[in-house]
Every structure is written in C-alpha cells, then in structure tokens.
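J.: Take a look at the following structure, please.
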Amino acid sequence: MTGCEGEALEVVQSQAAREFAQLWRLGQEIKVESTPRGWDGHVLSVTGPGFAHGDLRLRLVGDYQPSNAALAVAAAHLLDDVPEDAIREGLASTRWPGRLQVIAEGPRVVLDGGHNPAAMVKAGAALRRLIGSEKLVAVFAMLSERDPVQLLGALRTLSPDAVVFTEPASAHGHAISAETLASVYGPGANVARPARTALDQARGLAGASGNVLVCGSLYLVGEVLSLTDLRVST
C-alpha cells in the first residue's frame, strides 16, 4: 500500500511485481474524496478493495491529511476486519500535536513541526488557504544540521508579514544563531530570545486579529507547546 507518486511509485510498483505482491495505490485502488471544513478539518469518503466509508470526520487541518487518513483506513482493512464504528471513532479522535495545531486565539497561534522544505511549503500553503490575507507573523528556528537557504526559501513561500528568529534552549547549542538566520532572511526579520520572548513579540506584531506560526524546528514547537499559560483553543 502506498501514497507515492512519480519515480517513487515506479520503484514501489517494480518491487511489488518482483515479489508478486498485491499493491494498493492511493488514487487508484484507494480513493478519497474530501470536503474541507476550515479549522474543523474535513469530511471524507474513502473507498478501496472490499470497503467503502462515507461521512467520515477528520479533525486534522491541512489538505494533505485526507490522503493520510485514506491510507490509514486502507491499512486497517489490510490488517484486520475493522468495524465501521472503529474507523469512524479512530479518525474523529485523531490528534497530531505540532502539525498545524492551534493552541491559542487572539492572535491565533499555530504550531507546525515540519522541518524540511517540502513539509514547510505544504503546511504553509494549507495555512494560507485557511487564513487568506490575514496578517501572519512567523516564529522560526532551525538546527545547524539543515540548510538555512533552502528552509528559509520555503518560509518565504508563506509570505509572512514579519519573522521573529530565535533559538530553542532544548537544542543545546545545535541551533543556528538567530542573528545568522535574520541576516540570511533579510527585510522583515527580527531577533528575540528565549522562545517565550520571541512568541510574545510575534503576538504583538500580529495583533489580536492576526496569526502567529511557530515553525522550523520540533524543538521550538515543543518548547512553545509546553507554555501552559497560553489560552488553549478547543
């Protein structure tokens, strides 16, 4: 079973053929239709060999999540004869901390731990579709093992109104300095430490009706998620 596309799918198909293995492919044997419900997630229908489910509720935000959910439903059917109620309850109760997760309002604070360019671009595009032209300020940090030019290029695709660069204390010296990131990024860059101060500055820049995206590093996302005094949304 796979959601691969392009060359990756060709490799999977070739290997499956060599092993005489059955292959379920997203978009072919497995199909999903999704109706977006904004910050409330999606309503899905998922079909595949021997199964069909409609009106499935998925609370995860992001237009890539229905595909993930469809693969999970298909995997459940491959592993066992799963009751309809279990499929529905499983999807409806699924939470993914740190993946387009809203933790506060006024301004809205969103956490996303995608820390490679492709993940950041996908999450950013999904976020922009949700917020439209609303103001967006990013709080950003990244580890020294990654390429700042590539990751900051992905950040620019979100068209943030401002970025506050910081360094997560939990990275224990493995983060690229906030000043270095700000220098590479250019206009619109700000620097603040620690992460709490960076978040407070970003919230001020965004204003009560704006949005703050905390991104670039799971260390940073984890630190912000641990701040218990934020007004958590339900």
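Derivation of every value follows stated rules applied to the coordinates shown; laboratory data play no part. Everything quoted here is computed from the prediction, not taken from an experiment. A quick note on method: Cβ atoms are made from the backbone with ideal geometry, for glycine too, and the neighbour counts reach across all protein chains shown.
J.: From the square roots a ≥ b ≥ c of the eigenvalues of the alpha-carbon gyration tensor of segment 1-152, which class results: rounded (a/c under 1.5), prolate (a/b over b/c), or oblate? Provide the component values of the computation, followed by the final result.
T.: Values: a/c = 2.49, a/b = 1.39, b/c = 1.80.
Oblate, since a/c reaches 1.5 and b/c is not below a/b.
J.: Place a +1 charge on the Cβ of each Lys and Arg in the chain and a -1 charge on the Cβ of each Asp and Glu, then give the dipole magnitude about the Cα centre in debye, rounded to the nearest 20.
T.: Details: 20 positive and 25 negative charges, 128 e Å.
Here the chain has a charge dipole of around 620 debye.
J.: Turning to a different aspect of this structure: Using a 10 Å cut-off on Cβ atoms, rank the peptides 61-73, 94-106, 77-89 from the highest mean neighbour count down.
T.: Details: 61-73: 20.3, 94-106: 16.2, 77-89: 12.1.
Ranked by mean Cβ neighbours within 10 Å, highest first: 61-73, 94-106, 77-89.
J.: If you don't mind, there's one more thing I want to ask. Rank the residues PHE20, PHE140 as a footprinting-exposure proxy: fewest other Cβ atoms within 10 Å of their Cβ go first. Working shown, then result.
T.: On the way: PHE20 6, PHE140 26.
Ascending number of Cβ neighbours within 10 Å: PHE20, PHE140.
J.: Just grab the label-to-label distance for ARG95 and ASP55, each label 7 Å out from Cα along the Cβ direction, in nm (one decimal).
T.: 2.6
J.: Residues with beta-carbon under 13 Å from that of ARG59, excluding ARG59: net charge, scoring Lys, Arg +1 and Asp, Glu -1? It would help to have the intermediate numbers written out before the result.
T.: Numbers: positive: ARG37, ARG57, ARG88, ARG95, ARG99; negative: ASP40, GLU89.
For residues surrounding ARG59, the net value is +3.
J.: Cβ under 11 Å from SER177's Cβ, SER177 left aside: what net charge do those residues give with Lys, Arg +1 and Asp, Glu -1?
T.: Working: positive: ARG193; negative: GLU167, GLU179.
Here the count lands on -1.
J.: To the nearest 10 degrees, how steeply does helix 65-79 sit against the main Cα axis of the chain, on a 0 to 90 scale?
T.: 40
J.: For a test of the definition: using alpha carbon positions, the gyration tensor, and the 1.5 limit on a/c, classify segment 99-225 as rounded, prolate or oblate.
T.: It is rounded, given that a/c, with a ≥ b ≥ c, falls under 1.5.
J.: In addition: Describe numerically, in nm with one decimal, the distance between label points set 7 Å from Cα along Cα→Cβ at ALA16 and at TRP39.
T.: Here the modelled spin labels are 3.9 nm apart.
J.: Order of VAL164, VAL121 from fewest to most other C-beta atoms within 10 Å?
T.: On the way: VAL164 29, VAL121 17.
Fewest to most other Cβ atoms nearby, the residues stand as VAL121, VAL164.
J.: Describe numerically, in nm with one decimal, the distance between label points set 7 Å from Cα along Cα→Cβ at LYS31 and at VAL184.
T.: So the label points at LYS31 and VAL184 sit 4.4 nm apart.
J.: How far is helix 117-131 tilted off the main Cα axis of the chain, in degrees rounded to 10, range 0 to 90?
T.: Here the helix axis deviates by roughly 80 degrees.
J.: Let me ask something else. Under 13 Å from the Cβ of SER93, count the other residues' Cβ atoms, weight Lys and Arg +1, Asp and Glu -1, and hand me the total.
T.: On the way: positive: ARG57, ARG59, ARG88, ARG95; negative: ASP85, GLU89.
My count for the surroundings of SER93 gives +2.
J.: Another question, then. Where does each of MET1, MET142 land when they are ranked from fewest to most other beta-carbon atoms within 10 angstrom? Before the final figure, lay out the partial values.
T.: Numbers: MET1 17, MET142 25.
Fewest-to-most ranking of MET1, MET142: MET1, MET142.
J.: Helix 195-206: angle to the longest alpha-carbon principal axis of the chain, degrees 0 to 90, nearest 10?
T.: 90
J.: First check a/c for segment 59-138, with a ≥ b ≥ c the square roots of the eigenvalues of its C-alpha gyration tensor; if it is under 1.5, answer rounded, and if not, answer prolate when a/b is larger than b/c or oblate otherwise.
T.: Numbers: a/c = 2.88, a/b = 2.06, b/c = 1.40.
Verdict is prolate for segment 59-138.
J.: Here is a further query. Please work out how much length the chain gains when fully extended from GLU145 to THR197, using 0.36 nm per residue of separation minus the C-alpha to C-alpha distance, in nm with one decimal. Kindly include the intermediate steps, with their values, before the conclusion.
T.: Working: separation 52, 0.36 × 52 = 18.72 nm, distance 2.45 nm.
Difference between extended and current length: 16.3 nm.
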